[in-house]
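See below for the structure under consideration.
The values are calculated or read from the model by the stated rules, or taken from the named source; none is laboratory data. Just so it is clear, the structure is predicted and the values come from calculations on it, not from any experiment. FYI the Cβ positions are ideal-geometry reconstructions off the backbone, even for glycines, and counts take in every protein chain you see. Heavy atoms of the whole protein, side chains included, go into the accessibility calculation; ligands, DNA and RNA do not. Shrake-Rupley method; radii C 1.70, N 1.55, O 1.52, S 1.80 Å.
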Amino acid sequence: MTRRRDFLAANGGRRVAMPGFVLQVRPRDDGDAAIRVGFTVTKKIGNAVVRNRMKRRLRALARDLLPEKGIAGADHVLIGRQGGIERDYQALTAELAKALTRAASPDTGGHDRPREPRVHHGRGKGRSPRGGAHRQPTPSTQEPA
């Protein structure tokens with residue numbers, strides 16, 4: 001998967017959180033039985049070298065397990081988590097197998113429900129409601145008493 005809209009659509013599907021990654025799975029309605037996969041690692045994980053290493057590990061996991069355990073006709077997104085880079089590869093393999101089984105089950109007892117879409121207000125940190133930065137008047141700009 002390469003298009004942003006595909007990743008956003010997968011965000012509305014099932015989520016299964018594991019210590020090394022989060023798996024998002026969303027069945028497609030186009031009738032194609034192909035298994036599609038995408039990878040995401042945020043800057044919170046580390047610099048570009050660390051993020052690329054994490055993506056390589058996620059690609060290897062997907063290559064090993066998705067052909068037999070993936071959900072046909074669905075998009076799978078693997079999101080790297082902070083602890084994933086240090087985790088043993090065998091542990092990640094077991095976690096992905098468990099996550100795929102949970103994502104494929106019709107009822108998980110109330111867990112792993114689809115998420116509500118996030119609301120983005122378009123304002124970053126440290127901004128006032130009018131869009132300007134929070135500032136206190138300086139003594140040089142106030143009139144003397």
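Run His120 past the list (1) under 17 Å from the mean Cα position of the chain (by Cα); (2) open to solvent by 30 Å² or more (accessible area, probe 1.4 Å); (3) closer than 16 Å to Val22 by Cβ; (4) at pLDDT 60 or above and report the number of the one that doesn't hold.
(3)
Does Gly46 qualify as being farther than 15 Å from Thr101 by Cα, modelled with pLDDT under 90 and not in a strand (DSSP E or B)? Steps first, answer last, please.
Numbers: farther than 15 Å from Thr101 by Cα: yes; modelled with pLDDT under 90: no; not in a strand (DSSP E or B): yes.
Judged against the criteria, Gly46 is not a match.
Quick one: how many residues across the range 17-55 are hydrophobic (A, V, I, L, M, F, W, C) and within 12 Å of Arg81 (Cβ to Cβ)? Write out each step before concluding.
Looking only at the range 17-55, we keep the residues that are hydrophobic (A, V, I, L, M, F, W, C), and these are 17-18, 21-23, 25, 33-35, 37, 39, 41, 45, 48-50, 54.
Next, from what is left, pick out any that are within 12 Å of Arg81 (Cβ to Cβ): 17-18, 21-23, 41, 45, 54.
Going through the range 17-55 one residue at a time, the tally reaches 8.
Considering only the range 33-46, state which residues are out of contact with any Leu (no Cβ under 9 Å at 6 or more places or on another chain) and open to solvent by 50 Å² or more (accessible area, probe 1.4 Å).
As a first pass, look at the range 33-46 and keep what is out of contact with any Leu (no Cβ under 9 Å at 6 or more places or on another chain): 33-34, 36, 42-46.
Across the range 33-46, the qualifying residues are Ala33, Arg36, Thr42, Lys43, Lys44.
Residue by residue, here is whether (1) among the polar types (S, T, N, Q); (2) modelled with pLDDT under 90 holds:
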site: Arg81; (1), (2): no, no
site: Asp88; (1), (2): no, no
site: Thr101; (1), (2): yes, no
site: Ala104; (1), (2): no, yes
site: Lys125; (1), (2): no, yes
site: Gly131; (1), (2): no, yes
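Any residue that is in a loop (DSSP other than H, G, I, E, B), free of Cβ contacts under 8 Å to residues at least 40 places away in the same chain and surrounded by fewer than 18 Cβ atoms within 10 Å (Cβ to Cβ) - is there at least one of those in the range 60-74? Full working, then the answer.
Here is the first cut: in the range 60-74, the residues in a loop (DSSP other than H, G, I, E, B) are 70-73.
Then drop every residue that is not free of Cβ contacts under 8 Å to residues at least 40 places away in the same chain, which leaves 70, 72.
In the following step, the residues that additionally are surrounded by fewer than 18 Cβ atoms within 10 Å (Cβ to Cβ) were identified as 72.
Taking every residue of the range 60-74 in turn, at least one turns out to be in a loop (DSSP other than H, G, I, E, B), free of Cβ contacts under 8 Å to residues at least 40 places away in the same chain and surrounded by fewer than 18 Cβ atoms within 10 Å (Cβ to Cβ).
Which residues, taken from the range 75-97, are part of a helix (DSSP H, G or I) and open to solvent by less than 80 Å² (accessible area, probe 1.4 Å)? Let's see the steps before the verdict.
Step one: filter the range 75-97 for residues part of a helix (DSSP H, G or I), giving 82-85, 89-97.
Gly83, Gly84, Ile85, Tyr89, Ala91, Leu92, Thr93, Ala94, Glu95, Leu96, Ala97 - these are the residues of the range 75-97 that are part of a helix (DSSP H, G or I) and open to solvent by less than 80 Å² (accessible area, probe 1.4 Å).
Please go through the range 12-32 and pick out each residue that is of a type in the set (Gly, Ala, Ser) and open to solvent by 70 Å² or more (accessible area, probe 1.4 Å).
Taking the range 12-32 as the starting set, the residues that turn out to be of a type in the set (Gly, Ala, Ser) are 12-13, 17, 20, 31.
Within the range 12-32, just Gly31 meets the criteria.
Of all residues in the range 18-50, which are free of Cβ contacts under 8 Å to residues at least 40 places away in the same chain and within 21 Å of Leu65 (Cα to Cα)?
Result: Ala34, Val41.
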